[in-house]
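Participant: I have a structure I would like to understand better, so I am pasting it below and will then ask my questions one at a time.
The values are calculated or read from the model by the stated rules, or taken from the named source; none is laboratory data. This structure is a prediction, so every number in the text was calculated from the model and none was measured. All Cβ positions, glycine included, derive from the backbone under ideal geometry; neighbour counts span all protein chains shown. The accessibility values were calculated without ligands, DNA or RNA, using every heavy atom of the protein model including side chains. Shrake-Rupley method; radii C 1.70, N 1.55, O 1.52, S 1.80 Å.
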Amino acid sequence: LRRTHRYFAARPDVTRLLVTPDGATALAFFAENSAQGPVWGIVLASAAPGRPPRGALLFDLAPRFPATMRPLLARLGAGGPAAVPLTRQVFADDSGSIGLPPGWVLRHSTHGKFVLGGPHGERVLSGMAYLVVVPGSYMDMISRGMLATGHPVNPNVAEAGYDPDPLRAALAVQTALRLEFHLPVPQLQRVVADRLLGRDGVASTGYFEAVVNFQDGAGPRRIAGVVTSTPPVPQGQWSLTYFLSVNVPEAEATSIRPTVLAILRSLRLNRQVLDAERRAQNRWVASFEHIMQRREDAQSAAHAGWDRTIRSVSVIADNANGKHYEAPSDLAGALVQAFPNRVRIVPLSQYLNGVDY
C-alpha cells in the first residue's frame with residue numbers, strides 16, 4: 001500500500017481487506033485517481049512460513065478493471081509472461097554484460113553504461129549525461145564563441161533553462177539538441193507520470209513517462225526515464241543525467257514492457273573492472289589538475305616578472321636563510337657582485353608561489 005501511495009502520489013482508499021485464516025496472505029481492494037481517470041486495483045501480499053515474502057500490485061482504469069482483473073490474476077498465477085530468450089553480450093571494456101533478445105543490438109558500452117537498439121526503433125540506454133548551459137550566461141557565451149571559431153557541435157551539450165521537474169528538464173534538453181541539429185521539435189501529447197523521487201543535497205532525482213511525437217514520421221513514442229539534475233552554478237551551467245531511458249513506439253508500449261524488463265534484469269556489472277576504471281579516472285583527473293595548476297602558476301609568475309621588469313625590480317635570494325626579497329635591479333646587481341656566494345638573482349622559473357607571485 002505504501003508503494004501504491006508513492007506510485008499515485010496519493011493515499012489509496014482501501015475498500016475491502018481480506019486475510020486468510022492463517023494470516024499468511026492478505027488481499028486489499030483499493031480505489032485511486034490518476035491522470036487518466038479513476039483507478040481500481042488489488043494489493044496482494046504473502047508471507048508463508050519458510051518462504052520469502054512476496055507481493056503484487058494489479059490495477060487498471062475503473063471501467064475496465066472488472067473485465068481485466070481475472071486475466072491479470074491468471075497471468076500473475078502463471079508466473080508472468082513467457083520468458084524472453086536472451087543472448088548475453090559483453091561490454092566493450094568488459095565492465096559488464098547484458099542479455100538481448102533476437103533483433104536487439106548493443107550499440108555502445110563503456111564504464112558500465114550502455115545504449116541498446118531494438119528491431120523497431122526501440123532505444124534503451126543508461127548513464128547518458130548532458131551538460132546544459134543557461135541562455136545568456138557566461139558559459140553560453142563561451143560555447144557560442146567555440147562554435148563561431150569552428151568547433152563542432154557537441155551532442156552532449158545543450159542550451160536550455162534549468163527546470164527541477166524531470167519531464168520538463170528532459171524535454172527542454174531534447175528540444176535544444178534537436179534545434180541545434182535542425183530537427184523538428186518534439187511535441188508532448190500525453191503525460192503518464194512525472195514525479196520527483198527525492199533530493200540528495202542540491203541534486204534532484206525524478207521519474208517521468210510520456211507520449212511524445214518527434215515529428216520524424218515514426219509516429220508517437222512512449223518515453224520513460226529516471227533522471228538526476230543539478231541546479232546551475234554561477235557560471236550558468238547545470239547537468240542532466242539519465243540513470244535509465246526507454247524510448248519505444250507507443251503502439252507497442254504495453255506489449256514490449258516484459259521484454260525491456262527482462263533485458264534490464266539481465267544486466268550484470270563487473271565491479272573489479274569498474275573499480276579499476278574509476279581509479280584510473282581519478283589518477284587522470286589528479287594529473288590534469290596538476291598540469292593545470294602548473295600552467296596557472298607559470299602564467300602568474302610571468303605576469304609578476306613582467307610587472308617587475310616594468311618597475312626595474314628584481315627578486316634576490318639570500319642563500320644563508322633561503323628567503324626571497326624584492327629590490328631595485330641596480331641594487332640587486334650590486335649585492336650579487338659584493339656577495340656572490342650569498343646573494344643571487346632569482347630567475348622566473350624559480351619564483352615561489354605565495355612569495356614572489
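Participant: So what's the back-of-envelope 222 nm ellipticity for the chain, counting only DSSP H runs of four-plus at -39500 (n - 2.57) apiece and dividing by all residues, rounded to 500?
Facilitator: Calculated at 222 nm, the ellipticity per residue is -9500 deg cm²/dmol.
Participant: Taking all protein chains in place and a 1.4 Å probe, what share, in percent, of the accessible surface of the range 173-226 do carbon and sulfur account for?
Facilitator: Percent of accessible area from carbon and sulfur atoms in the range 173-226: 54.
Participant: Using packing as a proxy for protection, rank 301-312, 241-252 so that the peptide with the highest average count of other Cβ atoms within 10 Å comes first.
Facilitator: Averaged packing, sorted descending, gives the order 241-252, 301-312.
Participant: Against the longest principal axis of the chain, how steep is helix 65-77, in degrees 0 to 90 to the nearest 10, with axes from Cα atoms?
Facilitator: Roughly 70 degrees, rounded to the nearest 10.
Participant: With axes computed from alpha carbons, what is the tilt in degrees of helix 329-338 against the longest principal axis of the chain, rounded to the nearest 10 within 0 to 90?
Facilitator: 60
Participant: Let me ask something additional. Once the whole set of protein chains is in place, how much accessible area is left on Phe288, using a 1.4 Å probe, in Å² to the nearest 10?
Facilitator: 100
Participant: If you don't mind, there's one more thing I want to ask. What percent does the relative contact order of the chain come to when contacts are Cα pairs within less than 8 Å and at least six residues apart?
Facilitator: Contact order relative to length: 11 percent.
Participant: Then there's this: Give the separation of the Cα centroids, the range 92-143 to the range 322-350, in Å.
Facilitator: When both Cα centres are located, 59 Å separates them.
Participant: Any idea what angle helix 138-148 forms with the longest principal axis of the chain, computed on alpha-carbon atoms, 0 to 90 degrees, nearest 10?
Facilitator: Rounded to the nearest ten degrees, it is 80.
Participant: Rounded, prolate or oblate, given the Cα gyration tensor of the range 266-357, with a/c below 1.5 counting as rounded?
Facilitator: It is prolate, given that a/c is not under 1.5 and a/b is the larger ratio.
Participant: Highest first, please rank the peptides 31-41, 276-286, 202-212 by the mean number of other Cβ atoms sitting within 10 Å of their residues.
Facilitator: 202-212, 31-41, 276-286
Participant: Once you have the Cα-Cα distance between Ala26 and Arg294, take 0.36 nm times their residue separation minus that, and quote the gain in nm to one decimal.
Facilitator: Roughly 89.8 nm would be gained on extension.
Participant: Each label point is 7 Å from the Cα along the Cα-to-Cβ direction; what then is the distance between the points at Glu252 and Leu61, in nm?
Facilitator: 2.4
Participant: How high is the relative contact order of the range 95-188, given as a whole-number percent (alpha carbon pairs under 8 Å, six or more residues apart)?
Facilitator: Once normalised by length, the contact order is 17 percent.
Participant: Only Lys, Arg, Asp and Glu count, each charged at its Cβ (+1, +1, -1, -1), so figure out the dipole size of the range 1-93 about its Cα centre, rounded to 20 debye.
Facilitator: So the magnitude is around 80 debye.
Participant: Still on this structure, I have one more. Starting at the first residue of the range 98-115, write each ³J(HN,Hα) from the Karplus equation 6.51 cos²θ - 1.76 cosθ + 1.60 with θ = phi - 60°, in whole Hz, x for Gly and Pro.
Facilitator: Going residue by residue, I get 8, x, 10, x, x, x, 8, 10, 8, 7, 7, 7, 5, 6, x, 9, 8, 10 Hz, with x marking Gly and Pro.
Participant: Enter the Cα centre distance for the pair the range 172-188 and the range 247-320, rounded to the nearest angstrom.
Facilitator: 29
Participant: Among Ser300, Gln272, Val260, whose Cα projects farthest towards the positive end of the dipole of the range 244-305, with charges put on the beta-carbon of Lys, Arg (+1) and Asp, Glu (-1)?
Facilitator: Projecting each Cα onto the dipole axis, the largest value belongs to Gln272.
Participant: Taking the dipole about the Cα centre of the range 1-91, with the C-beta of Lys and Arg at +1 and of Asp and Glu at -1, give me whichever of Leu57, Leu72, Val90 is farthest to the positive side.
Facilitator: Going by the charge dipole, the pick is Val90.
Participant: Using θ = phi - 60° and the Karplus relation 6.51 cos²θ - 1.76 cosθ + 1.60, list the HN-Hα couplings for the range 245-253 in order, rounded to whole Hz, with x at every Gly or Pro.
Facilitator: So the J values, rounded to whole Hz, are 9, 10, 9, 9, x, 4, 4, 10, 4.
Participant: Now for a separate question. Provide the gained length on full extension for the span Ala276 to Asp330, in nm with one decimal, where the gain is 0.36 nm per separating residue minus the Cα-Cα distance.
Facilitator: Going from the current span to full extension adds 13.7 nm.
Participant: Quote the charge dipole size of the chain about the Cα centre in Debye, to the nearest 20; the model charges only the Cβ of Lys and Arg (+1) and of Asp and Glu (-1).
Facilitator: Using Cβ point charges on Lys, Arg, Asp and Glu, the chain gives about 1220 debye.
Participant: Using a Förster distance of 22 angstrom, determine the FRET efficiency expected from the C-beta separation of Phe339 and Asp307, and round it to 0.05.
Facilitator: In this case the efficiency is close to 0.25.
Participant: Counting Lys +1, Arg +1, Asp -1, Glu -1, what net charge surrounds His5 among other residues with beta carbon under 15 Å of its beta carbon?
Facilitator: Working: positive: Arg2, Arg3, Arg6, Arg11, Arg195; negative: Asp13, Glu32.
That sum, taken over residues with Cβ under 15 Å, equals +3.
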